[in-house]
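Pasting in a structure now, in structure tokens, and then I'll have a few things to ask.
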Amino acid sequence: MNEAVEKVDILSMLPGELEAMLAELAQPRFRAGQLFSWLHEKRAGSFEEMTNLPSALRNALAERCEIAPVAERRRQQAKDGTVKFLFALGDGNTIESVLMRHDYGNSLCISSQVGCRMGCKFCASTIGGRIRDLRPSEMLGQIYAAGRLTGERIDSIVMMGIGEPLDNFQNVGRFLELVHHPKGLNLSHRHISLSTCGLVPMIDELAKQKYQLTLSVSLHACDNETRDRIMPVNHSYPIEELLAACKRYFAETGRRISYEYSLIAGVNDSPEQAKRLLALLRDQSCHVNLIPVNPVAGTGFQRGSRRDAEAFRDVLTAGGLSATIRRELGTEIDAACGQLRRNEARKEGDPVCG
Ligand SMILES: C[S@@+](CC[C@H](N)C(=O)[O-])C[C@H]1O[C@@H](n2cnc3c(N)ncnc32)[C@H](O)[C@@H]1O
Ligand code: SF4
């Protein structure tokens, strides 16, 4: 039987790896720079376009490699300019990216996995579990596609879309190398935020890399009982262990942690809980982002009033913590991450995401 040979995912290759592959094809070293620039600077969609490469080389590359496709499947546009993309990957799986406009530029929220296995009770991305990890090329592809489709510059990246980035550590690491490369997107790590639900060993691994990115930690509770209820990851890495890892991260990188706290009415949003959160975090150099929860059908979770959120914030700021209620963008589109993918899958009768 003829087995299909999987093609090399060329957009995921680091410059040194391109050099090695081209050496195998008896090509001079400078070709690697040309090829990298076609892929990451000019964002060529096919080898045919790479007109300064010899045609025999273009054919050889087309035979052994693929440029991973990330194609627009659907788009939702909000009045405030926020654009939510549903992108289709080469194997037909779908992911979401959201372009947000701020005074300081455009930021793109990207996905790191198809689905998620972490099981947070308020999150649409985890319904249906984790299908697979995204490849570095598919994380870059979201940025390249959003830039191409809107004709706009992407100034910063937030890894807060579908998936747990630290559960796809190797590919995310490679993505961070590629996105930073001067001959590619050349995006400083200072313009990247990575959000995690709190995989402690991976936070320590990330700290070792000393990337200058912003680590956002999804805390969402001030005691283990509440966090156990809404975030199963807390059974493995309870709050004390998580906060200790965050302190090590700060000591190692000098980067202030940003804590995410989704306010869920009657679950974690009382003034008493605000005081406990303050006590937990007041000895840290950090910021707290309060996010009124986006209700996801079937979860039963609702947000409280704006006044409740402000009262919660005021307890934190009065105690000396830096805390803000996140500005909400694109509220009239399927706001909670993973919802557009889920709704689309439902329409198509996809059994996985039912
Ligand atoms: C979708 S997650 C992806 C990154 C990573 N897995 C994490 O949990 O931090 C990004 C952020 O969205 C939050 N989130 C998920 N579902 C939400 C909802 N329904 N309402 C508000 N925030 C939500 C998460 O807790 C997290 O802070
Ligand atoms: S909040 Fe993050 S870790 Fe939790 S299920 Fe959603 S994507 Fe996964």
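The values are calculated or read from the model by the stated rules, or taken from the named source; none is laboratory data. Computed from a predicted model, the values in this text were never measured in an experiment. Note that each Cβ is placed from the backbone with ideal geometry, even for glycine, and that neighbours are counted across all protein chains shown.
Name the residue that is modelled with the highest pLDDT, counting only residues in region 310-354 that are touching a strand residue (DSSP E or B) at 6+ places or on another chain (Cβ under 7 Å) and among the basic types (Lys, Arg).
The selected residue is Arg313.
Residue check: is Val233 out of contact with any helix residue (DSSP H, G or I) (no Cβ under 9 Å at 6 or more places or on another chain) and either within 16 Å of ligand 2 (Cβ to nearest atom) or farther than 16 Å from Thr196 by Cα (or both)?
No, not satisfied.
Checking the condition under 25 Å from Ala44 (Cβ atoms) and crowded, with 23+ Cβ neighbours inside 10 Å, which residue from Leu108, Leu149 passes?
Leu108
I'd like the residue in region 183-213 that is of a type in the set (Gly, Ala, Ser) and within 15 Å of ligand 2 (Cβ to nearest atom) and, out of all such residues, is surrounded by the fewest Cβ atoms within 10 Å (Cβ to Cβ).
Among those that are of a type in the set (Gly, Ala, Ser) and within 15 Å of ligand 2 (Cβ to nearest atom), it is Ser193.
Hey, another quick one. Here are the criteria: (1) under 16 Å from Glu41 (Cα atoms); (2) more than 16 Å from ligand 2 (Cβ to nearest atom); (3) touching a residue at least 40 places away in the same chain (Cβ under 8 Å). Tell me which single one Arg174 does not satisfy.
Checking Arg174 against (1) under 16 Å from Glu41 (Cα atoms); (2) more than 16 Å from ligand 2 (Cβ to nearest atom); (3) touching a residue at least 40 places away in the same chain (Cβ under 8 Å), the one that fails is (1).
Something else: Here are Gly300, Gly304: which of them is in a loop (DSSP other than H, G, I, E, B), closer than 29 Å to Leu340 by Cα, more than 14 Å from ligand 2 (Cβ to nearest atom) and over 26 Å from the mean Cα position of the chain (by Cα)?
The conditions single out Gly304.
Of the residues Ala124, Ala88, which single one is among the aliphatic types (A, V, I, L, M), within 16 Å of ligand 1 (Cβ to nearest atom), in the same structural domain as Met139 (by TED's automatic domain parsing) and within 24 Å of the chain's Cα centre (by Cα)?
Ala124
Next question, about the same structure. Could you tell me which numbered condition Arg153 fails, if it satisfies all but one of (1) touching a strand residue (DSSP E or B) at 6+ places or on another chain (Cβ under 9 Å); (2) within 25 Å of Gly115 (Cβ to Cβ); (3) assigned to a loop (DSSP other than H, G, I, E, B)?
Result: Arg153 fails condition (2) only.
To keep it simple, each residue is scored yes or no on (1) surrounded by fewer than 20 Cβ atoms within 10 Å (Cβ to Cβ); (2) under 22 Å from Ala88 (Cβ atoms); (3) at pLDDT below 95.
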| residue | (1), (2), (3) |
| --- | --- |
| Met13 | no, no, no |
| Ala20 | yes, no, no |
| Ala32 | no, no, no |
| Phe36 | no, no, no |
| Leu39 | no, yes, no |
| Ser46 | yes, yes, no |
| Arg64 | yes, no, no |
| Ile67 | no, yes, no |
| Ala71 | yes, yes, no |
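Next question, about the same structure. How many of the residues making up region 264-295 are away from ligand 1 (no atom under 16 Å from the Cβ), over 24 Å from Leu215 (Cβ atoms) and out of contact with any helix residue (DSSP H, G or I) (no Cβ under 9 Å at 6 or more places or on another chain)?
Number of matching residues: 1.
For Ser216, all conditions in the list (1) crowded, with 19+ Cβ neighbours inside 10 Å; (2) away from ligand 1 (no atom under 14 Å from the Cβ) hold save one; what is the number of the exception?
(2)
If we keep just the residues of region 119-139 that are surrounded by fewer than 24 Cβ atoms within 10 Å (Cβ to Cβ) and charged (D, E, K, R), which is farthest from Phe87 (Cα to Cα)?
Lys121
Which members of region 309-333 meet the condition of being among the charged types (D, E, K, R) and either in a loop (DSSP other than H, G, I, E, B) or out of contact with any helix residue (DSSP H, G or I) (no Cβ under 9 Å at 6 or more places or on another chain) (or both)?
Those that are among the charged types (D, E, K, R) and either in a loop (DSSP other than H, G, I, E, B) or out of contact with any helix residue (DSSP H, G or I) (no Cβ under 9 Å at 6 or more places or on another chain) (or both): Glu310, Arg326, Arg327, Glu328, Glu332.
Can we say Arg58 is in contact with a Leu (Cβ under 9 Å, 6 or more places away or on another chain) and of a type in the set (D, E, K, R)?
For Arg58, the condition - in contact with a Leu (Cβ under 9 Å, 6 or more places away or on another chain) and of a type in the set (D, E, K, R) - is not met.
Hey, among the residues in region 73-85 that are crowded, with 19+ Cβ neighbours inside 10 Å and not hydrophobic (A, V, I, L, M, F, W, C), which one's farthest from Leu149 (Cα to Cα)?
Thr82
If we keep just the residues of region 227-263 that are charged (D, E, K, R) and over 13 Å from Leu281 (Cα atoms), which is nearest to ligand 1 (Cβ to nearest atom)?
The residue in question is Arg227.
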